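Trainee: Sharing a structure here in structure tokens format.
The values are calculated or read from the model by the stated rules, or taken from the named source; none is laboratory data. Note that the structure is a prediction, hence the values are computed from the model and not measured. Cβ placement follows ideal geometry from the backbone for every residue including glycine, while neighbour counts extend to all protein chains displayed. Surface accessibility is based on the protein's heavy atoms, side chains included, excluding ligands, DNA and RNA. Shrake-Rupley method; radii C 1.70, N 1.55, O 1.52, S 1.80 Å.
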Amino acid sequence: ASFLLLCFRSPLATSLIFGLLLQAPPTQLSTITRPNFVLLLADDLGIGDVGCYGNDTIRTPNIDRLAKEGVKLTQHIAAAPLCTPSRAAFLTGRYPLRSGMDAVNDYRVIFWNAGSGGLPPNETTFAKILQQQGYSTGLIGKWHQGVNCESRNDHCHHPLKHGFDYFYGMPFTLISDCQPTETPEMDRAFRRKLWLSTQTTGLIALTAVLGRVTGLISVQWKTLTCFAGFSLLFFLSWFSSYGFVRYWNCIMMRNHGITEQPMVTDRTTSLILQESISFIERNKHRPFLLFLSFLHSHTPLLTTEKFLGRSRHGLYGDNVEEMDWMVGQVLDAIDKEGLKDTTLVYFASDHGGWLERQEGGRQLGGWNGIYKGGKAMGGWEGGIRVPGIVRWPGVLPAGVVIDEPTSLMDIYPTVVHLAGGAVPQDRVIDGRDLLPLLRGTVVHSEHEFLFHYCGVHLHAARWHQRDTGAVWKAHYVTPIFSPPGAGACYDRGFCPCFGEGVTHHEPPLLFEISQDPSEAKPLSADTEPLFDTVIRRIGRAIEEHRRTLTSVPEQLSVSNVVWKPWLQPCCGTFPFCWCDKEGDN
């Protein structure tokens, strides 16, 4: 006791002790508690649609606030330019062709709830690992990774089979067919051909019957009956699926149960927001992962009356501003529960904006800023460069901008490591842990190379030359814009990945993205001394990458994407599928 008293009488000892007591604890990685995760993923949002990425006409104050309070990524790259493969990569941290979730044909996304393709059960999502780490995991909104494999209720591709404890939303994706007042969107050109074929066969049958009755044509009634029966069967075979798209695809589910078939679009936005906030409130006393997968800003651009006519960009701008408001409501819910400092919030889009989506003179797709191309284009920046914002107060710096190549696949290892888990060691994980880059403990991204696919076809690759800071990008295949010079494939609706609609480049088109982000000035051996060196280095990286690929079942093969009535989710007795359990409530 006398020794302690003597120590406290010493001015030096006293100041040292008080200094230690008052010193703020350093935020070392080893002392960071496991955070909650709120992952916000927009649908078809262009990087040029957000205020903090340069848009000064669409108001996005809540997304902008996230950027001011966190870290903004300016080279955030989607692994694919379409919904299904991009989201598969996001969930698994792997290029989608590793799981069979990219296409060899023109069916590049899941087309039906009643298809048999989807995210394979042997894939390990970040949700599954966090679930094993004791997290409560929820998915609200869009899934688009398949539902069933062999029977109507096996749910082999369902979110609950992939690590989510709770699911409320669309197992499919929002399409214009879901809105009765909109022009049908799904397989529009193919449906026109089917209808034309039906009219043609019907006209031939009718002409033959009239010819037989008038004696102008000598045809047996048996032959006419068979031909008419064939025409009827042909019509029924396609109309049984395409004629009821709204009932087959536009459904809402809570866990395994269907709540709306078809969905009531007037209340979809409010229900998704209510479910998201409710999930946060229910799980505020335990670690949780909320994946809010917006239906905004995909056509038909469901927008509540409160936001109609508010923006300077028509219905699309209204829809984006409503999504921003929803982001604000979720952030307010986090603040209200006192979770701001213990919650990592991430915002991104699944790929670039859809340039070709127009209707009656209205632009219904997004804007990709200075970047060439858009949705469905696997190589051009506009199809794959997306917003990327991460906020975690007290751990990540505020107002920082990072201009290093990063990927949506990086969320996988980042989330898994922060939750105390480990990424699978029995497969290739293409994502990289973002935390060191976000915290500023390293200067450069771990991605030296990124590979840009259109379906299973490699269209481009980029090389981040760390010693110089240059980012080189080589295009091996590019889509042919139609009309020429238009910057998109307006005559087709989507740019193709292969066939007559693309150009193969030998030597490849080379751009230095760090100096020419718009990809406007292709380099050549005459204008760039390092041209041959860069092309050879990227070529070797592609060869090394291809050696890591293994053959897997094609989830988007024609046999997997076609509509199968025995797999159709049904609220009722098939084919009489209808219910409105939200309305009953």
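Trainee: Just a yes or no: is a residue in the range 162-179 among the hydrophobic types (A, V, I, L, M, F, W, C), in the same structural domain as Thr343 (by the TED database) and either farther than 26 Å from Leu271 by Cα or open to solvent by 20 Å² or more (accessible area, probe 1.4 Å) (or both)?
Mentor: Looking for residues that are among the hydrophobic types (A, V, I, L, M, F, W, C), in the same structural domain as Thr343 (by the TED database) and either farther than 26 Å from Leu271 by Cα or open to solvent by 20 Å² or more (accessible area, probe 1.4 Å) (or both), one finds none in the range 162-179, hence no.
Trainee: When you scan the range 324-337, how many residues do you find that are out of contact with any Asp or Glu (no Cβ under 9 Å at 6 or more places or on another chain) and in contact (Cβ under 8 Å) with a residue 12 or more places away in the chain?
Mentor: Total satisfying the criteria: 8.
Trainee: Given the conditions (1) of a type outside the set (Phe, Trp, Tyr); (2) at pLDDT below 95; (3) on the phi > 0 side of the Ramachandran plot, which single one is not true for Gln179?
Mentor: Answer for Gln179: the failing condition is (3).
Trainee: Does Val320 meet the test of being farther than 30 Å from Ala419 by Cβ and in contact (Cβ under 8 Å) with a residue 12 or more places away in the chain?
Mentor: Yes, satisfied.
Trainee: Turning to a different aspect of this structure: Quick one: would you say Gln261 is of a type in the set (S, T, N, Q), open to solvent by less than 10 Å² (accessible area, probe 1.4 Å) and either closer than 25 Å to Ser349 by Cβ or in contact with a strand residue (DSSP E or B) (Cβ under 8 Å, 6 or more places away or on another chain) (or both)?
Mentor: Answer is yes for this residue.
Trainee: Then there's this: Could you tell me whether Tyr412 is open to solvent by less than 10 Å² (accessible area, probe 1.4 Å), under 23 Å from Gly352 (Cα atoms) and of a type in the set (Phe, Trp, Tyr)?
Mentor: For Tyr412, the condition - open to solvent by less than 10 Å² (accessible area, probe 1.4 Å), under 23 Å from Gly352 (Cα atoms) and of a type in the set (Phe, Trp, Tyr) - is met.
Trainee: Could I ask something else about it? Being touching a residue at least 24 places away in the same chain (Cβ under 8 Å) and touching a Cys at 6+ places or on another chain (Cβ under 8 Å): is that true of Val104 here?
Mentor: no
Trainee: What are the pairs with Cβ atoms under 6 angstrom where one residue, in the range 200-211, is farther than 10 Å from Leu224 by Cβ and assigned to a helix (DSSP H, G or I) and the other, located anywhere, is modelled with pLDDT under 80 and among the polar types (S, T, N, Q)? Sequence gap at least six, or different chains.
Mentor: Final answer for the pair search is Thr201/Ser231; Gly202/Ser231.
Trainee: Of everything in the range 339-363, what is of a type in the set (A, V, I, L, M), open to solvent by 10 Å² or more (accessible area, probe 1.4 Å) and closer than 20 Å to Asn319 by Cβ? Give them in sequence order.
Mentor: The one that is of a type in the set (A, V, I, L, M), open to solvent by 10 Å² or more (accessible area, probe 1.4 Å) and closer than 20 Å to Asn319 by Cβ: Leu355.
Trainee: Here is a follow-up. Filter the range 90-99 down to the residues that are of a type outside the set (S, T, N, Q) and not in a helix (DSSP H, G or I) and list them by number.
Mentor: Gly93, Arg94, Tyr95
Listed here are the residues, each with its yes/no results for (1) farther than 30 Å from Arg192 by Cα; (2) out of contact with any Asp or Glu (no Cβ under 6 Å at 6 or more places or on another chain); (3) not assigned by the TED database to the domain that holds Pro405.
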site: Ile480; (1), (2), (3): no, yes, yes
site: His505; (1), (2), (3): yes, yes, yes
site: Pro508; (1), (2), (3): yes, yes, yes
site: Pro517; (1), (2), (3): yes, yes, yes
site: Ala520; (1), (2), (3): yes, yes, yes
site: Glu543; (1), (2), (3): yes, yes, yes
site: Val562; (1), (2), (3): no, yes, no
site: Cys570; (1), (2), (3): no, yes, no
site: Phe576; (1), (2), (3): no, yes, no
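Trainee: For Pro413, all conditions in the list (1) in contact with a His (Cβ under 8 Å, 6 or more places away or on another chain); (2) at pLDDT 95 or above hold save one; what is the number of the exception?
Mentor: Unmet for Pro413, out of (1) in contact with a His (Cβ under 8 Å, 6 or more places away or on another chain); (2) at pLDDT 95 or above: (1).
Trainee: Under the condition of being more than 22 Å from Gly115 (Cβ to Cβ), in a helix (DSSP H, G or I) and among the small types (Gly, Ala, Ser), which residue from the range 212-249 is most open to solvent (accessible area, probe 1.4 Å)?
Mentor: Only one residue tops the list, namely Ala228.
Trainee: A further question on this structure: Checking Asn560 against (1) within 27 Å of Gly118 (Cβ to Cβ); (2) in a helix (DSSP H, G or I); (3) open to solvent by less than 30 Å² (accessible area, probe 1.4 Å): exactly one of these is not met. Which one?
Mentor: So Asn560 meets the others, but not (3).
Trainee: Could you tell me whether Leu301 is part of a loop (DSSP other than H, G, I, E, B), at positive phi and touching a Leu at 6+ places or on another chain (Cβ under 9 Å)?
Mentor: Against the criterion (part of a loop (DSSP other than H, G, I, E, B), at positive phi and touching a Leu at 6+ places or on another chain (Cβ under 9 Å)), Leu301 qualifies.
Trainee: A further question follows. Based on this model, can you work out whether Asn62 counts as open to solvent by 10 Å² or more (accessible area, probe 1.4 Å), within 20 Å of Leu364 (Cβ to Cβ) and of a type outside the set (Gly, Ala, Ser)?
Mentor: Numbers: open to solvent by 10 Å² or more (accessible area, probe 1.4 Å): yes; within 20 Å of Leu364 (Cβ to Cβ): no; of a type outside the set (Gly, Ala, Ser): yes.
So Asn62 fails the test.
Trainee: Continuing with the same structure: If I go through the range 100-138 residue by residue, how many of them are over 20 Å from Ser151 (Cα atoms), in contact with a helix residue (DSSP H, G or I) (Cβ under 8 Å, 6 or more places away or on another chain), part of a loop (DSSP other than H, G, I, E, B) and of a type in the set (Val, Ile, Thr)?
Mentor: 3
Trainee: In addition: Please work out which one of (1) within 22 Å of Leu530 (Cβ to Cβ); (2) open to solvent by less than 40 Å² (accessible area, probe 1.4 Å); (3) touching a residue at least 60 places away in the same chain (Cβ under 8 Å) is the condition Glu448 fails and give its number.
Mentor: (2)
Trainee: Output the number of the condition that Asp580 fails; it satisfies all remaining conditions of (1) in contact with a strand residue (DSSP E or B) (Cβ under 7 Å, 6 or more places away or on another chain); (2) closer than 30 Å to Met186 by Cα; (3) open to solvent by 40 Å² or more (accessible area, probe 1.4 Å).
Mentor: Going through (1) in contact with a strand residue (DSSP E or B) (Cβ under 7 Å, 6 or more places away or on another chain); (2) closer than 30 Å to Met186 by Cα; (3) open to solvent by 40 Å² or more (accessible area, probe 1.4 Å) one by one, Asp580 breaks only (3).
Trainee: Sort through Ile389, Ile402, Ile384, Ile370 and tell me the only one that's on the phi < 0 side of the Ramachandran plot, assigned by the TED database to the domain that holds Leu290, open to solvent by 40 Å² or more (accessible area, probe 1.4 Å) and at pLDDT 95 or above. Full working, then the answer.
Mentor: Working: Ile389 fails: open to solvent by 40 Å² or more (accessible area, probe 1.4 Å); Ile402 fails: open to solvent by 40 Å² or more (accessible area, probe 1.4 Å); Ile384 fails: open to solvent by 40 Å² or more (accessible area, probe 1.4 Å).
Of Ile389, Ile402, Ile384, Ile370, the one residue that is on the phi < 0 side of the Ramachandran plot, assigned by the TED database to the domain that holds Leu290, open to solvent by 40 Å² or more (accessible area, probe 1.4 Å) and at pLDDT 95 or above is Ile370.
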